[in-house]
1. Out of curiosity, is Ala204 of a type outside the set (Asp, Glu) and buried (at least 20 other Cβ atoms within 10 Å of the Cβ)?
2. Just checking, how many residues over region 276-301 are modelled with pLDDT of 80 or more and either surrounded by 22 or more Cβ atoms within 10 Å (Cβ to Cβ) or not in a helix (DSSP H, G or I) (or both)?
3. Any residue in region 58-87 that's at negative phi and surrounded by fewer than 22 Cβ atoms within 10 Å (Cβ to Cβ): show its pairings with residues that are among the basic types (Lys, Arg) and modelled with pLDDT of 90 or more at Cβ separation under 7 Å, as long as the two are six or more apart or on different chains.
4. Can you find a residue in region 233-247 that is at pLDDT below 85 and of a type in the set (A, V, I, L, M, F, W, C)?
5. For the condition more than 22 Å from Val239 (Cα to Cα), touching a helix residue (DSSP H, G or I) at 6+ places or on another chain (Cβ under 9 Å) and modelled with pLDDT of 90 or more, what is the one hit in Leu193, Leu133?
6. Tally up the residues in region 1-54 that are more than 18 Å from the chain's Cα centre (by Cα) and farther than 23 Å from Gly197 by Cα, please.
7. For region 23-46: of the residues being among the aliphatic types (A, V, I, L, M) and crowded, with 24+ Cβ neighbours inside 10 Å, which is nearest to Gly71 (Cα to Cα)?
8. With at pLDDT below 90, of a type outside the set (A, V, I, L, M) and under 22 Å from Thr67 (Cβ atoms) as the only criterion, which of Ser219, Ser165, Ser157 stands out?
Amino acid sequence: MKAGHLALLVVMNAFWAGTYSAFKGLAPHLDAGALATLRYTLAALILAVCWPWLKGPSPAGRDLLRTVSMGVIVFCLAPRLQVAGVQMGEATDAAVLMALEPLVTSMAAAWFLRERIGPRRWAGFGLGLLGVLVMAEVWRPEFRLPGLWAHVLFLSSFVCEAAYSVMGKPLLGRAGMARVVTVALVAGSVANLMWDGPSAWRAAKELPWQGWWVMLYLSLICTAVGYVIWFVVIREAPVNVAVLTVFLQPVLGVGIAAVTLGERPHWGHLWGSLVILLGVAVGLSRQIQFAVRNGMERQGCG
């Protein structure tokens, strides 16, 4: 992975980590269906306006069918499961559970894309998951699994989101990245509008102006920009390398939830975060490429 791509993913994971607090903050005004419908419809409209300036050919034939299917899975089904899980639990819980997504996505990439997961990545995944357990303080006598159904919904969304990398990566050599994202978003938005269009419209009319700023953040930055950047990275890097950066979301998400929602962090969050950061460092070691002055690239030692 290029060092510049790593920097992009670090920035985007900071934005994505804030989505769970955003979901929770919008809960009084929007249910899971309305939020997904408004977020992805707005993102689709933004990219559709930019269509004449998007580079690369459009997906066609079987690629078009694959893109449409991917859009319905990723932008209709997955967010409904994820938002419902967050709104039934706490944003901090969701940010912690997010640490399981890298493992789910990597296993899917290994199965469908035949990617090899090296020992350093396995170690990174292991340390990341250990950090999650430390964050949750599972050793405490009062530890329980709160909101089990909320957790099941949230974890189920990972399987759907893995489709974005697994189904999308093979398309990148044949179609423009931004055009693939746009077509997928349009397909997902059509499905959302058919599912929840009237109720989403009623909720949109009652959404306060502060909520529209949050919606713009979710649609423009976290979706339109973020999903294109993800394709930019995995076009060249293995999915199981790029997805390790998702472990940063629990670390960042706990802090964001504390600032924006007043959810109180504890010492387990600190020590768990340190273990997660160690896992990311181990997993990405020898995977980052740094450019040198003569234009060549050398592989960093991580």
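1. no
2. Looking only at that region, the number is 5.
3. Ser58/Arg179; Asp63/Arg174
4. Residues of region 233-247 that are at pLDDT below 85, as a first pass: 247.
Checking the rest, the ones that are also of a type in the set (A, V, I, L, M, F, W, C) come to 247.
Looking through region 233-247, at least one residue is at pLDDT below 85 and of a type in the set (A, V, I, L, M, F, W, C).
5. Details: Leu133 fails: modelled with pLDDT of 90 or more.
Within the list Leu193, Leu133, the selection yields Leu193.
6. The number of residues fulfilling the criteria is 9.
7. As a first pass, look at region 23-46 and keep what is among the aliphatic types (A, V, I, L, M): 26-27, 30, 32, 34-36, 38, 42-46.
Filter once more, so that each one left must be crowded, with 24+ Cβ neighbours inside 10 Å: 26, 30, 35-36, 38, 43-44.
Working: Leu26: 23, Leu30: 22, Leu35: 16, Ala36: 13, Leu38: 15, Ala43: 13, Ala44: 11 Å.
My answer is Ala44.
8. Values: Ser219 fails: at pLDDT below 90; Ser165 fails: at pLDDT below 90.
Step by step, each of Ser219, Ser165, Ser157 is checked, and only Ser157 is at pLDDT below 90, of a type outside the set (A, V, I, L, M) and under 22 Å from Thr67 (Cβ atoms).
The values are calculated or read from the model by the stated rules, or taken from the named source; none is laboratory data. Since the model is a prediction, treat every value here as computed from it, not as a measurement. Reconstructed Cβ throughout: ideal geometry from the backbone, glycine too, with neighbour counts over all protein chains shown.
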